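Peer 1: My structure is below; once you've seen it, I'll send some questions.
The values are calculated or read from the model by the stated rules, or taken from the named source; none is laboratory data. Keep in mind that what you see is a predicted model, and the values were worked out from it rather than measured. Neighbour counts are summed over all protein chains in view; Cβ atoms, including those assigned to glycine, are modelled from backbone coordinates with ideal geometry.
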Amino acid sequence: MDWSLLLPLILNGLIVGALYGVVAMSFVLIYKASQVVNFAQGEFLLVGAWVCWWLLSEFHLPFWAGFLMTLAFMTLFGIILQVVVLRPLIGEPVISVIMATIGLGIFFQALMKWIFGVFAKPFPPIFPTDRVLILGLQIQTAYLLSLGISVLIMFGFAWFFTASKHGLAMRATAFDQQVAQSLGISVPRVFAMSWAISALVSAVAGVVVGIVNGVSSALSFYGIKVFPAVILGGLDSVVGAVLGGLIVGVLENLAQYVDAEWLHWGNMYTVAPFYALILILLIKPYGLFGTRAIERV
Amino acid sequence: MALSPPAGEYHANYREDMTIFPSRNSRRALWVGILVLACTPLVCGRYELGLLINIGIMGIAALGLNILVGFTGQISIGHAAFFGFGAFMSAWLHDATHLPVAICIPLAGLGTALVGLVFGTPAARLKGLYLAIATLAAQFILEDFFARAQWFTGGTSGRITEPFALFGWIADREEKFFYVVLAYVILMFVAASNLLRTRDGRALVAVRDHYLSAEVMGINLAYYRTLSFGIASFYAGIAGALYAHYLLFVSVEAFNILFSIQFLGMVIIGGLGSVSGSLMGAAFMVLLPEVVQSAAAALAGGAIDRALRLGASISFLREMAIGAAIILFLIFEPDGLARRWRLIKAYWKLYPYSH
């Protein structure tokens, strides 16, 4: 065991995992509120990051202005998607809804490639210093920012769901749509809101990853990495999503380490979470914190 | 004959209801259709034949997926991986054992069915979206396996395959291979139609419609879910093997998730739970990129082309068309082309007095 190699890997895993956690949270938000499994979650990151990149590099806006405009755009984007595509499918079988989000996913991925090209493009520099020294480790400033933002979003979610009126309405809808409706909650509005918030939060994650790695269609892979995280945490648990994200982030880095040291199979970084996914589905399909009401046969 | 039989279908007993051809004319129509198809190599060029071959191969795979998705109500996002496994398995079997290709193709189907059963074990216990996620994992695990197993797939350089041969007759050109695919299409589609008339086929539909009632009626859910996964993989394997021996080269990158989504698109567009719809959906999916391409070619050089860079981004346009087609069909025609076709038939059946 080489700790000097392992420690940065685990740290890196936690930082990336926190981002997975954020994306997983926004995935769970949609699932909880409207029972839609969103296979286009990664495309939210992609669209958000590209829009922000475009505002910053084409119009030379200051970062905060471009970022805020991106968030406003993504809110609208989420609402429009829900109203135009998902609302007509309410009541359709789960396969149709899954297929619709898959269709949305490949549509927007191709659209982004068409508009912005296939090559990764870096954000204009945002921070005065590139790296900072913490505990003897060189850490990218953007990673620190990402960790800060992730934690901020997580607390924001916690506040939203426990204290705010809309958050409570959303939880009520998730619990029982009919009862929520009879209590005067507008269920269609809750659905639209959940998509808006989900798109917005994912876009934040997308911008952060874009700052670190550059913006490219690889971003949409976050939407697929989300599945091991949410299955691990439980499909309808926000806390589980965060934990699942962290675990997956650490797991893929450890798998890469184990692979590089002993196995030499290659590509474990990408595939290990999926092996874990199959295992979890076989052993504990409701995850760590999920509701156990899943029908098993 | 004094009285002509009444128009429409009036089933008086179960035997009539379960027959494969509802009327004599539908049987005749099938024979005429096969005859016409058998003559196409005499009139069509190689390009058109290539398209037809592709439609046939994709149709077989889509039919397999339809048995899983449309009849059993399970969803799989890893169909392309199984398709690819069939392709590599047939090529590898032929190289390793020197069995004739004609035998390797069904063997590849069986081998793929076995792999499908392994990944289908979660299918026995999971349903709906959980299975979707499990098959998503299967897609990535198999893709990774393809990239790694050099002995099996040829690794990054791909694998060269031999053309289909039977008793010295070598199907190395479109005109000949067309008949191989045609034979397989007929075989697989008749098999599927017949499957749905048996107890097993009806059990699958019962599992989809109401799994609890099905279980109460003595249907073993785990068995039938896994079985349908195995059948779907078998179809995918056969189609993949045909694909390998048609292209004479298989490469690892071809069987990605986008390909899987295309199969799902074929099933949705053709019509969930429709045997003939699978072929229609496959035809739609194969022809859609061609239409996009020719539309882009028609606009080439114009102002629109320059402004939107159509020529350089044709592959993205195709992907967008696929995504848009899936969404539009789901919203506006959820029962797919098969329903459209039924409506057209019904219109002509009662033609002058359709109201």
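Peer 1: If a residue must be over 19 Å from the mean Cα position of the chain (by Cα) and within 14 Å of B:Gly273 (Cβ to Cβ), how many such residues does the stretch B:201-233 contain?
Peer 2: Final tally of qualifying residues: 5.
Peer 1: Scanning the stretch A:141-163 for residues that are surrounded by fewer than 17 Cβ atoms within 10 Å (Cβ to Cβ) and of a type in the set (Ser, Thr, Tyr), which turns out modelled with the lowest pLDDT?
Peer 2: Once the filter is applied, the top-ranked residue is A:Thr141.
Peer 1: On the given criteria, is B:Ala124 assigned to a helix (DSSP H, G or I), facing chain A (nearest Cβ under 10 Å), over 19 Å from the mean Cα position of the chain (by Cα) and modelled with pLDDT of 85 or more?
Peer 2: On the way: assigned to a helix (DSSP H, G or I): yes; facing chain A (nearest Cβ under 10 Å): yes; over 19 Å from the mean Cα position of the chain (by Cα): yes; modelled with pLDDT of 85 or more: no.
Spelling it out, it is not the case that B:Ala124 is assigned to a helix (DSSP H, G or I), facing chain A (nearest Cβ under 10 Å), over 19 Å from the mean Cα position of the chain (by Cα) and modelled with pLDDT of 85 or more.
Peer 1: I've got another one for you. Within 30 Å of B:Asp144 (Cα to Cα) and either in contact with a helix residue (DSSP H, G or I) (Cβ under 6 Å, 6 or more places away or on another chain) or at pLDDT 80 or above (or both): does that describe B:Ile20? Don't jump to the end; show me each part of the working.
Peer 2: Working: within 30 Å of B:Asp144 (Cα to Cα): no; either in contact with a helix residue (DSSP H, G or I) (Cβ under 6 Å, 6 or more places away or on another chain) or at pLDDT 80 or above (or both): yes.
Considered against the rule, which asks whether it is within 30 Å of B:Asp144 (Cα to Cα) and either in contact with a helix residue (DSSP H, G or I) (Cβ under 6 Å, 6 or more places away or on another chain) or at pLDDT 80 or above (or both), B:Ile20 comes out as no.
Peer 1: Got a sec? Which of A:Leu263, A:Leu254, A:Leu279 is modelled with pLDDT of 80 or more, over 27 Å from A:Leu144 (Cβ atoms) and more than 13 Å from the chain's Cα centre (by Cα)? Outline the logic, then answer.
Peer 2: Values: A:Leu263 fails: modelled with pLDDT of 80 or more; A:Leu254 fails: over 27 Å from A:Leu144 (Cβ atoms).
After ruling out the rest, the residue left standing is A:Leu279.
Peer 1: Would you check if B:Ala300 is away from chain A (no Cβ under 13 Å), more than 15 Å from B:Phe329 (Cβ to Cβ), surrounded by fewer than 19 Cβ atoms within 10 Å (Cβ to Cβ) and touching a Leu at 6+ places or on another chain (Cβ under 8 Å)? Explain how you work it out, then say what you get.
Peer 2: On the way: away from chain A (no Cβ under 13 Å): yes; more than 15 Å from B:Phe329 (Cβ to Cβ): yes; surrounded by fewer than 19 Cβ atoms within 10 Å (Cβ to Cβ): yes; touching a Leu at 6+ places or on another chain (Cβ under 8 Å): yes.
Criteria met by B:Ala300.
Peer 1: Then there is this: Looking at the stretch B:241-259, can you tell me whether even one residue there is modelled with pLDDT of 85 or more, farther than 29 Å from B:Asp172 by Cβ and crowded, with 24+ Cβ neighbours inside 10 Å?
Peer 2: No, the stretch B:241-259 contains no residue that is modelled with pLDDT of 85 or more, farther than 29 Å from B:Asp172 by Cβ and crowded, with 24+ Cβ neighbours inside 10 Å.
So that you can scan it fast, the table gives a plain yes or no per residue for (1) part of a strand (DSSP E or B); (2) in contact with a strand residue (DSSP E or B) (Cβ under 6 Å, 6 or more places away or on another chain); (3) away from chain A (no Cβ under 11 Å); (4) modelled with pLDDT under 85:
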{"residue": "B:Glu175", "(1), (2), (3), (4)": "no, no, yes, yes"}
{"residue": "B:Ala191", "(1), (2), (3), (4)": "no, no, yes, no"}
{"residue": "B:Leu212", "(1), (2), (3), (4)": "no, no, no, yes"}
{"residue": "B:Tyr235", "(1), (2), (3), (4)": "no, no, yes, no"}
{"residue": "B:Ile269", "(1), (2), (3), (4)": "no, no, no, no"}
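Yes or no, residue by residue, for (1) touching a residue at least 12 places away in the same chain (Cβ under 8 Å); (2) among the aliphatic types (A, V, I, L, M); (3) not in a loop (DSSP other than H, G, I, E, B):
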| residue | (1), (2), (3) |
| --- | --- |
| B:Leu51 | yes, yes, yes |
| B:Met58 | yes, yes, yes |
| B:Phe88 | yes, no, yes |
| B:Ala96 | no, yes, yes |
| B:Leu99 | no, yes, no |
| B:Gly116 | yes, no, yes |
| B:Phe146 | yes, no, yes |
| B:Thr156 | yes, no, yes |
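Peer 1: Among the residues of the stretch A:164-171, is any more than 19 Å from A:Val22 (Cβ to Cβ), surrounded by 13 or more Cβ atoms within 10 Å (Cβ to Cβ) and of a type in the set (A, V, I, L, M, F, W, C)?
Peer 2: Looking only at the stretch A:164-171, we keep the residues that are more than 19 Å from A:Val22 (Cβ to Cβ), and these are A:165-166, A:168-169, A:171.
If we keep only those that are surrounded by 13 or more Cβ atoms within 10 Å (Cβ to Cβ) as well, we get A:166, A:168-169, A:171.
This time we only want the ones that are of a type in the set (A, V, I, L, M, F, W, C), so: A:168-169.
Yes; the residues of the stretch A:164-171 include at least one that is more than 19 Å from A:Val22 (Cβ to Cβ), surrounded by 13 or more Cβ atoms within 10 Å (Cβ to Cβ) and of a type in the set (A, V, I, L, M, F, W, C).
Peer 1: Looking only at the stretch B:158-171, which residues are surrounded by 15 or more Cβ atoms within 10 Å (Cβ to Cβ) and assigned to a loop (DSSP other than H, G, I, E, B)?
Peer 2: Result: B:Gly158, B:Thr161, B:Glu162, B:Pro163.
Peer 1: One residue is enough: does the stretch A:30-42 have a residue meeting the conditions part of a loop (DSSP other than H, G, I, E, B), surrounded by 21 or more Cβ atoms within 10 Å (Cβ to Cβ) and of a type outside the set (A, V, I, L, M)?
Peer 2: Among the residues of the stretch A:30-42, at least one is part of a loop (DSSP other than H, G, I, E, B), surrounded by 21 or more Cβ atoms within 10 Å (Cβ to Cβ) and of a type outside the set (A, V, I, L, M), which makes the answer yes.
Peer 1: Could you identify the single residue in B:Phe249, B:Phe234, B:Phe229 that is more than 22 Å from B:Gly120 (Cβ to Cβ) and in contact with a Gly (Cβ under 9 Å, 6 or more places away or on another chain)? Please lay out each step first, then the result.
Peer 2: Working: B:Phe234 fails: more than 22 Å from B:Gly120 (Cβ to Cβ); B:Phe229 fails: more than 22 Å from B:Gly120 (Cβ to Cβ).
Criteria check complete, one pass: B:Phe249.
Peer 1: Considering only the stretch A:174-185, state which residues are touching a helix residue (DSSP H, G or I) at 6+ places or on another chain (Cβ under 8 Å) and modelled with pLDDT of 85 or more. Steps first, please.
Peer 2: Going through the stretch A:174-185, the residues touching a helix residue (DSSP H, G or I) at 6+ places or on another chain (Cβ under 8 Å) turn out to be A:174, A:177, A:179-181, A:183, A:185.
Once the filter is applied, which keeps residues that are touching a helix residue (DSSP H, G or I) at 6+ places or on another chain (Cβ under 8 Å) and modelled with pLDDT of 85 or more, the stretch A:174-185 yields A:Val179, A:Ala180, A:Gln181, A:Leu183, A:Ile185.
Peer 1: Of everything in the stretch A:74-101 that's part of a loop (DSSP other than H, G, I, E, B) and more than 10 Å from chain B (Cβ to nearest Cβ), which residue is modelled with the highest pLDDT? Even if it seems obvious, please write down each step before you answer.
Peer 2: The first filter runs over the stretch A:74-101 and keeps only residues part of a loop (DSSP other than H, G, I, E, B), leaving A:90-93.
Pick out the ones that are also more than 10 Å from chain B (Cβ to nearest Cβ) and you get A:90-91.
Numbers: A:Ile90: 80, A:Gly91: 77.
The selected residue is A:Ile90.
Peer 1: Then there's this: Checking the conditions here, which among B:Ser228, B:Ser294, B:Ser315 is in a helix (DSSP H, G or I) and in contact (Cβ under 8 Å) with a residue 40 or more places away in the chain? Steps first, please.
Peer 2: On the way: B:Ser294 fails: in contact (Cβ under 8 Å) with a residue 40 or more places away in the chain; B:Ser315 fails: in contact (Cβ under 8 Å) with a residue 40 or more places away in the chain.
Only one candidate passes the filter, namely B:Ser228.
Peer 1: I would also like to ask the following. Here are B:Ile67, B:Ile103, B:Ile55: which of them is crowded, with 24+ Cβ neighbours inside 10 Å and more than 11 Å from every other protein chain (Cβ to nearest Cβ)?
Peer 2: B:Ile67
Peer 1: Another one. Out of A:Leu246, A:Leu281, A:Leu200, A:Leu254, I need the residue that is within 11 Å of another protein chain (Cβ to nearest Cβ), part of a helix (DSSP H, G or I) and touching a residue at least 12 places away in the same chain (Cβ under 8 Å). Which one? I'd like the intermediate steps shown before the answer.
Peer 2: Values: A:Leu246 fails: within 11 Å of another protein chain (Cβ to nearest Cβ); A:Leu200 fails: within 11 Å of another protein chain (Cβ to nearest Cβ); A:Leu254 fails: within 11 Å of another protein chain (Cβ to nearest Cβ).
Only one candidate passes the filter, namely A:Leu281.
Peer 1: Answer with yes or no whether A:Ala110 is more than 19 Å from the chain's Cα centre (by Cα), within 14 Å of another protein chain (Cβ to nearest Cβ) and of a type in the set (Gly, Ala, Ser).
Peer 2: Details: more than 19 Å from the chain's Cα centre (by Cα): yes; within 14 Å of another protein chain (Cβ to nearest Cβ): yes; of a type in the set (Gly, Ala, Ser): yes.
For A:Ala110, the condition - more than 19 Å from the chain's Cα centre (by Cα), within 14 Å of another protein chain (Cβ to nearest Cβ) and of a type in the set (Gly, Ala, Ser) - is met.
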